[in-house]
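The values are calculated or read from the model by the stated rules, or taken from the named source; none is laboratory data. Keep in mind that what you see is a predicted model, and the values were worked out from it rather than measured. Methodologically, a virtual Cβ is constructed for each residue, glycine included, from the backbone with ideal geometry; neighbour enumeration extends over all protein chains shown. To get the accessible areas, we keep the full protein, side chains included, count just its heavy atoms, and leave off ligands, DNA and RNA. Shrake-Rupley method; radii C 1.70, N 1.55, O 1.52, S 1.80 Å.
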Amino acid sequence: METFTIEGGRPLSGTLRIHGAKNAALPILAAAVLAEGQFHIYDVPHLKDIDVMLQILTALGATATHADGCVSLDTTSISISHVPDDLMGQMRSSIFLVGPLLTRLGEVTISRPGGCAIGERRIDLHLNGLTALGAKIEESEGYIIFRAKQLRGTNIFLSFPSVGATENIMLAAVLAKGTTRICNAAREPEIIDLANFLNAMGARIRGAGTDTIEINGVARLRPVSYRVIPDRIVAGTHILAVGMAQGHIALSNTIPEHLTALIEVARSCGVEIKAYHDIMEMKCSNRPRGYDRIITSPYPGFPTDLQAQLMAFLSLARGTSVIKETVFEGRFKHVNELARMGASIYVDLGSAFIRGVSRLSGTTVEATDLRAGAALVLAGLAAEGTTVVEQVHHIDRGYERLEWQLQQLGASIARTTA
Ligand code: EPZ
């Protein structure tokens with residue numbers, strides 16, 4: 001088992017380039033299935049989830065290499081329609097492959113993607129959307145089999161602006177006959193990045209980033225080269241890191257407007273943040289103030305993927321803060337671990353009531369999921385003494401060598417294999 005050992009109490013200083021966005025790269029890699037040929041996709045982070053996606057694409061018949069952030073992918077020979085069960089089980093995001101594979105091969109078999117530590121992770125919106133486009137769906141013995149000779153455009157209303165369902169429907173609609181309109185679509189920046197990638201391939205998508213996306217089906221798409229947007233959640237994690245450990249850092253390769261909600265909260269709590277072009281500079285030299293109430297919600301609201309990290313930050317702030325989690329019902333697994341470091345947090349009816357304490361104490365804690373793990377690392381940076389975070393493989397799913405990133409910013413953190 002790999003762990004992070006962190007010596008707390010050291011202010012951060014230095015500069016760091018933010019890597020490409022996991023949640024943009026994953027659907028973009030799936031979208032490459034929609035055309036035959038050689039793709040070059042840049043700034044793809046070296047993460048466990050990306051490795052799994054590349055293993056799946058290879059198992060389906062593609063060839064892929066990933067070096068220095070560049071994925072070279074040849075999708076010419078994709079011919080397998082069954083996503084390997086063991087890989088499907090490792091990453092529920094492989095459901096993004098259903099739309100592209102159904103379009104390309106006319107049939108797809110997947111094992112039902114499991115839930116995870118943050119919630120049930122239902123896929124009914126994906127299934128309803130694909131059915132509306134003309135897919136026939138059969139479930140048997142834990143497998144879901146999708147079949148469609150030709151998908152046809154239609155209007156689809158999402159009862160919740162699901163990121164994955166919006167992406168899957170887009171991926172199924174770009175080569176469908178006719179026009180598809182997705183109403184109440186997710187508006188995340190990663191949706192815009194996927195639409196830009198697909199349009200570069202020859203798709204005709206309008207409205208990405210708004211709640212109505214229109215896709216006019218085309219006859220074929222072509223392979224392209226493309227650069228993925230920066231990871232706003234990684235950048236936000238570092239903003240909260242300096243709010244906890246204090247100090248003065250600068251981040252490059254950022255898109256500040258992707259972080260409006262977090263920047264507003266962090267500034268209100270006392271973190272100085274300056275943004276110019278793709279650079280963000282932040283400074284914190286005092287104990288932050290609390291924040292009355294934050295409600296996580298779909299973009300452009302406060303992102304659920306920064307909720308755990310914000311909770312760690314507010315656990316050290318002055319006063320009482322409340323965080324209501326509305327996107328994933330099980331996303332408070334970090335509360336108990338933060339409490340073991342001395343945080344005072346009470347959870348009731350989907351809200352966490354955080355009474356700020358003046359200090360946290362280092363101890364051994366366990367990462368239960370990706371963002372909970374990141375929150376515990378931030379707590380370790382600010383805690384007195386040594387913190388050991390166990391099960392860091394969860395963190396490796398979304399942060400490329402987080403220990404190296406934080407070492408660049410002056411933190412005392414080391415990866416150890418126990
Ligand atoms: C994407 O997950 C992200 N993952 C998540 O990031 C992120 O937290 C989430 O969007 C919300 O922003 C990737 O992009 C790979 P959803 P996704 O569909 O698509 C319910 C991280 O830490 N729902 O918007 O699975 C669902 O149960 C990860 O990087 C249905 O009910 O999120 C949840 O409560 C975690 N039916 C809510 O919608 C469906 O068919 C949001 O899910 C689909 C979703």
Percent relative contact order for segment 349-418, counting Cα pairs under 8 Å at least six residues apart, stands at 29 percent
So the number of lysine pairs in the chain with alpha-carbon atoms under 18 angstrom apart, 8 or more residues apart or on different chains, is 6
Amide H proximity to Ile123 below 5 Å, modelled H, separation 5+ or other chain, gives none
Burial-style ranking of 3-11, 120-128, average other-beta-carbon count within 10 Å with highest first, yields 3-11, 120-128
Ordering 398-406, 271-279, 339-347 by per-residue average of other C-beta atoms within 10 angstrom, highest first, gives 398-406, 339-347, 271-279
Per-residue accessible area, 1.4 Å probe, largest first, puts Asp43, Asp68 in the order Asp68, Asp43
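Taking all protein chains in place and a 1.4 Å probe, what share, in percent, of the accessible surface of the chain do carbon and sulfur account for?
Percent of accessible area from carbon and sulfur atoms in the chain: 48.
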Karplus ³J(HN,Hα) for segment 380-395 (6.51 cos²θ - 1.76 cosθ + 1.60, θ = phi - 60°; Hz, whole; x = Gly/Pro) runs x, 5, 9, 6, 7, x, 9, 10, 10, 9, 9, 6, 6, 4, 4, 5
The relative contact order of segment 22-227, taking Cα pairs under 8 Å that sit 6 or more residues apart, comes to a percentage of 20 percent
Heavy-atom accessible area of Ser72, protein chains in place, probe 1.4 angstrom, given in Å² to nearest 10, is 30 Å²
Relative to the chain, whose Cα atoms define the longest principal axis, helix 163-173 and its Cα axis are tilted in degrees, nearest 10, by 20 degrees
Restricting to Cα pairs under 8 Å and 6 or more apart, the percent relative contact order of the chain works out to 21 percent
Put Arg220, Arg397, Arg187, Arg359 in order of accessible area, largest first, probe 1.4 Å, and you get Arg220, Arg359, Arg187, Arg397
Here, GluC sites (Glu not before Pro) of segment 139-206 satisfying both criteria (DSSP loop; at most 12 other Cβ within 10 Å) are Glu141
Here segment 202-208 yields Karplus 3J(HN,Hα) values (6.51, -1.76, 1.60; θ = phi - 60°; whole Hz; Gly and Pro given as x) of x, 6, 10, 10, 10, x, 4
Measure of exposure for Thr103: accessible area at 1.4 Å probe, Å² rounded to 10, is 40 Å²
Rounded to the nearest 500, the 222 nm mean residue ellipticity computed for the chain from DSSP H runs (n ≥ 4, each -39500 (n - 2.57)) alone is -9000 deg cm²/dmol
Between the Cα axis of helix 48-59 and the main Cα principal axis of the chain, the angle (0 to 90°, nearest 10) is 20 degrees
Under 5 Å from the placed amide H of Gly270, counting only residues 5+ away or on other chains, we find Arg289
Helix 22-31: inclination vs the chain longest Cα principal axis, degrees, rounded to 10, gives 10 degrees
Expressed in square angstrom to the nearest 10, the accessible area of Asp85 with a 1.4 Å probe stands at 60 Å²
Applied in sequence order to segment 403-410, the curve 6.51 cos²θ - 1.76 cosθ + 1.60 (Karplus, θ = phi - 60°) yields integer Hz couplings, x standing for Gly and Pro, of 5, 5, 4, 6, 4, 4, 9, x
Once amide hydrogens are built 1.01 Å from N within the peptide plane, the residues lying 5 or more places from Ile229 or on another chain with amide H under 5 Å from its amide H are Ala21
Taking a probe of 1.4 Å and leaving out DNA, RNA and ligands, the chain shows per residue an accessible area in Å² of 38 Å²
